[in-house]
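Here is the structure we will look at.
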Amino acid sequence: MNFSSIRLVAFDLDGTLWLGDALLPGALQSVQSLSARYRIAYHTNNSTRSDAEVADKLRRLGVVADPEAVHTSTTATARHLVEEGLSGICVIGSSGLRRTLENHGLRLVDDASASHVVVGMDVEIDYHRITMALQVLLKGGLFIACNADANFPVEGGHRLPGCGAMVGAIQGAVGRGPDRLIGKPSPCILAQIAAQHGLRPEEILVVGDSLESDIAMARAFGSPAVLFGAVAGDASEAGVVRVADHAGLLAWIEGEIGVGWR
Ligand SMILES: [Mg+2]
């Protein structure tokens, strides 16, 4: 990997920097060491919290982070809607998603007269809301998914249903998948990070624990990537750099750019 061109390290959050409400061992050391040399950004498919709320959580856990460094699928969705001039949105999602869309000046419509449907993580989704989304999509609205993650890790080795379960409910009703996918593995979030910093794809190193989302996003955008942690699935394919933990990440970077960089 040509490390000399790297200007920014883009960390995934769930499963890479933290699990539930605890930082992973060595995560703070990783961020502190790398931030002395590189700009740092954080990306997450989380569609329930705003960037500011995620930055608050990072700070609570001891990681100094500005909201501008945080890139959620929530905010990426709002920015995409604004860029595309899409409004009159029916939301399947959390109050955090609704608030983020409204803060970007988007008009939300809570009935079948809406123009488009945005689907995020929604722990209260029910038949009534699926019906509303179906009516909007049947009259030609766009089906926009914050992400399509099947499930996500929490403490204790458990996993919980992700946004993909909500997307699947709407998909099952309307008989087609999303027209737009904003979160990983779509390159949308990485493109927004690159635009914010004025960087080219090869100047961003993506670190994440999912081959299917983090590494796929990096590839779609043309950025180098590191697969973090013990993951299920085949990570043995050519071109995937893999590190076991944060100590391994720092050791690998040291090997790439030379001892004494810290
Ligand atoms: Mg992850």
Got a sec? Which of 214, 209 is of a type in the set (D, E, K, R), within 16 Å of the ligand (Cβ to nearest atom), assigned by TED's automatic domain parsing to the domain that holds residue 67 and touching a Phe, Trp or Tyr at 6+ places or on another chain (Cβ under 6 Å)?
-> 209
Residues of region 155-188 satisfying the condition of being within 16 Å of the ligand (Cβ to nearest atom), touching a residue at least 40 places away in the same chain (Cβ under 8 Å) and farther than 18 Å from residue 72 by Cβ | 155
Check off (1) touching a residue at least 60 places away in the same chain (Cβ under 8 Å); (2) within 12 Å of the ligand (Cβ to nearest atom); (3) surrounded by 18 or more Cβ atoms within 10 Å (Cβ to Cβ) for residue 24 and give me the number that stays unchecked.
-> (3)
Would a scan of region 129-136 turn up a residue that is more than 15 Å from residue 46 (Cβ to Cβ), within 18 Å of the chain's Cα centre (by Cα) and assigned to a helix (DSSP H, G or I)?
-> no
Is at least one residue of region 71-86 of a type in the set (A, V, I, L, M), within 16 Å of the ligand (Cβ to nearest atom) and either buried (at least 18 other Cβ atoms within 10 Å of the Cβ) or more than 16 Å from the chain's Cα centre (by Cα) (or both)?
-> yes
Would you check which residues across region 137-193 are under 18 Å from residue 16 (Cβ atoms), modelled with pLDDT of 95 or more and among the charged types (D, E, K, R) and list them?
-> 184
Considering (1) at pLDDT below 95; (2) surrounded by fewer than 20 Cβ atoms within 10 Å (Cβ to Cβ); (3) of a type in the set (D, E, K, R), say which one residue 209 fails and leave the rest.
-> (2)
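Among what's in region 138-154 and is small (Gly, Ala, Ser) and out of contact with any helix residue (DSSP H, G or I) (no Cβ under 6 Å at 6 or more places or on another chain), pick the residue that is nearest to the ligand (Cβ to nearest atom).
Taking the candidates together, the pick is 141.
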Please give the helices (runs of 4 or more DSSP H) falling wholly within region 145-222 in which 3 or more residues are closer than 27 Å to residue 257 by Cα.
-> 188-197, 216-221
Given (1) surrounded by fewer than 22 Cβ atoms within 10 Å (Cβ to Cβ); (2) out of contact with any Pro (no Cβ under 8 Å at 6 or more places or on another chain), index of the condition residue 55 fails | (2)
Kindly indicate the residue of region 217-232 that is over 17 Å from residue 253 (Cβ atoms) and either touching a Phe, Trp or Tyr at 6+ places or on another chain (Cβ under 6 Å) or of a type outside the set (A, V, I, L, M) (or both) and also farthest from the ligand (Cβ to nearest atom) among those meeting that condition.
-> 222
Is it the case that residue 54 is out of contact with any Asp or Glu (no Cβ under 8 Å at 6 or more places or on another chain) and within 15 Å of the ligand (Cβ to nearest atom)?
-> yes
Say whether the condition of being among the polar types (S, T, N, Q) and touching a Leu at 6+ places or on another chain (Cβ under 8 Å) is met by at least one residue in region 112-123.
-> yes
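Among the listed residues 12, 66, identify the single one that is more than 19 Å from residue 184 (Cβ to Cβ) and either charged (D, E, K, R) or exposed (fewer than 15 other Cβ atoms within 10 Å of the Cβ) (or both).
Going through 12, 66 in turn, the sole match is 66.
The values are calculated or read from the model by the stated rules, or taken from the named source; none is laboratory data. Bear in mind that the values here come from a model prediction, so they are computed numbers and not experimental data. Positions of Cβ are generated from backbone atoms using ideal geometry, with glycine treated the same way; all protein chains shown enter the neighbour counts.
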